[in-house]
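> To start, I am sharing the structure in question, which I have written as structure tokens.
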Ligand SMILES: [Zn+2]
């Protein structure tokens, strides 16, 4: 045999083909990789020994013959997914293909600080795994989305405007005291952008994902891939400052500045304004309920929020010329009035060429958009072909 490094279609690449196409036959793999039949057989054996793939057919029809169809062994482990906003976190335990086996939502303020916050999330995960009858060793990876700028290589939050105690906190070291598996950390809006792009708009090369929840953030897809900027801070649209003449003195933002988009139109600002109008609301969830009930003050404030968000969005549209703007997050559940306000500003303020083909649509995965995106990012990492090859090589070394 020649040097393996020069052969296309490593085991990791064969696994990528199987994951992308569902079940695949030996003959299809020979076709797609250009490898010899015997080499494909060796790749399949290695992947099967590692528990990554399984025969896709019942053995009764092929007694005595090696199986001819293979599939990804999605049931071979579990992923832990935590998609956090500023005041709450959605937790999911999924199989290795991202099918949700259990989910819950915790009210947990990110300002609690990383130690307490991560302990609470990990203990909730332990409870969910117990209920599913799974042990910690079944966990193959953890995906975590946080509402601040993230250095996703280091797995750290960097200089967040509001997350006290999180700046450069060693999240992976902390999680390693609970689970020994790879950890992917993403910005919350980036996670949604990755998921919505891959699952709902895979052929779009330029997309803007706007997350409207307690805070406001955006994730950018440019040239078909997530665009992070120089320091992972791209898309921090919520702290763009605007002057809205009819609003008088610009409101104070959580970040210390005045007149940020989120200080007018974020979930927390909406709660503030509803309270000022004498309505009984304590959380963004209450505000969304009030809007759903048709309360005239709440719907008027939401439409105004949409118009102000649209001011910053129209600048982003002029700069980036996205084909699709996807809007998700808790506030997007109240889409009618919000979208009307956003469209009003964007079409009035952007240049016609930038909006000629522009679509403004709700997140296809709704409240699971962040979870789906984290699964996508985590699986891209776990099953990156060179990573799989390295694992198989080290396992073979141990057994030799
Ligand atoms: Zn701000």
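> Kindly provide the set of residues from region 147-169 that are closer than 17 Å to residue 110 by Cβ, away from the ligand (no atom under 16 Å from the Cβ) and in a loop (DSSP other than H, G, I, E, B), ordered by number.
Answer for region 147-169, where residues must be closer than 17 Å to residue 110 by Cβ, away from the ligand (no atom under 16 Å from the Cβ) and in a loop (DSSP other than H, G, I, E, B): 155, 158, 165, 166, 168, 169.
> Related question: So, in region 234-245, exactly how many residues are in a loop (DSSP other than H, G, I, E, B), more than 16 Å from the ligand (Cβ to nearest atom) and surrounded by fewer than 11 Cβ atoms within 10 Å (Cβ to Cβ)?
Within region 234-245, residues that are in a loop (DSSP other than H, G, I, E, B), more than 16 Å from the ligand (Cβ to nearest atom) and surrounded by fewer than 11 Cβ atoms within 10 Å (Cβ to Cβ) number 0.
> Restrict the check to region 188-199 and report whether at least one residue is in contact with a helix residue (DSSP H, G or I) (Cβ under 7 Å, 6 or more places away or on another chain) and part of a loop (DSSP other than H, G, I, E, B).
Looking through region 188-199, none of the residues is in contact with a helix residue (DSSP H, G or I) (Cβ under 7 Å, 6 or more places away or on another chain) and part of a loop (DSSP other than H, G, I, E, B).
> Within region 190-216, track down each residue that is under 13 Å from the mean Cα position of the chain (by Cα) and crowded, with 24+ Cβ neighbours inside 10 Å.
If the condition is that a residue be under 13 Å from the mean Cα position of the chain (by Cα) and crowded, with 24+ Cβ neighbours inside 10 Å, then 190, 191, 192, 193, 194, 195, 196, 197, 209, 210, 211 are the ones that fit.
> What number goes with the only condition from (1) at pLDDT 95 or above; (2) in contact with a helix residue (DSSP H, G or I) (Cβ under 6 Å, 6 or more places away or on another chain); (3) within 16 Å of the ligand (Cβ to nearest atom) that residue 311 does not pass?
Going through (1) at pLDDT 95 or above; (2) in contact with a helix residue (DSSP H, G or I) (Cβ under 6 Å, 6 or more places away or on another chain); (3) within 16 Å of the ligand (Cβ to nearest atom) one by one, residue 311 breaks only (1).
> So which residues in region 246-269 are more than 7 Å from the ligand (Cβ to nearest atom), within 25 Å of the chain's Cα centre (by Cα) and buried (at least 23 other Cβ atoms within 10 Å of the Cβ), if there are any at all?
Answer for region 246-269, where residues must be more than 7 Å from the ligand (Cβ to nearest atom), within 25 Å of the chain's Cα centre (by Cα) and buried (at least 23 other Cβ atoms within 10 Å of the Cβ): 261, 265, 266, 267, 269.
Each row is one residue, and each column tells you yes or no for (1) in contact with a strand residue (DSSP E or B) (Cβ under 9 Å, 6 or more places away or on another chain); (2) within 26 Å of residue 20 (Cβ to Cβ); (3) assigned to a helix (DSSP H, G or I).
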residue: 98; (1), (2), (3): yes, yes, no
residue: 106; (1), (2), (3): yes, no, no
residue: 111; (1), (2), (3): no, no, yes
residue: 122; (1), (2), (3): yes, no, yes
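> Inspect region 218-233 for any residue being modelled with pLDDT of 95 or more, touching a helix residue (DSSP H, G or I) at 6+ places or on another chain (Cβ under 7 Å) and within 15 Å of the ligand (Cβ to nearest atom) and give the result as yes or no.
Checking region 218-233: at least one residue is modelled with pLDDT of 95 or more, touching a helix residue (DSSP H, G or I) at 6+ places or on another chain (Cβ under 7 Å) and within 15 Å of the ligand (Cβ to nearest atom).
> Which is touching a helix residue (DSSP H, G or I) at 6+ places or on another chain (Cβ under 8 Å), free of Cβ contacts under 8 Å to residues at least 12 places away in the same chain and not assigned by TED's automatic domain parsing to the domain that holds residue 155, of 46, 42, 36, 54?
Of the residues listed, the single one that is touching a helix residue (DSSP H, G or I) at 6+ places or on another chain (Cβ under 8 Å), free of Cβ contacts under 8 Å to residues at least 12 places away in the same chain and not assigned by TED's automatic domain parsing to the domain that holds residue 155 is 36.
> While we're on this one: Kindly indicate whether residue 214 is touching a helix residue (DSSP H, G or I) at 6+ places or on another chain (Cβ under 6 Å), within 16 Å of the ligand (Cβ to nearest atom) and within 21 Å of residue 307 (Cα to Cα).
Yes: the conditions hold for residue 214.
The values are calculated or read from the model by the stated rules, or taken from the named source; none is laboratory data. Everything numeric in this text was worked out from a predicted model, so none of it was measured. Glycine also receives a Cβ, built like all others from the backbone with ideal geometry; neighbour counts cover every protein chain displayed.
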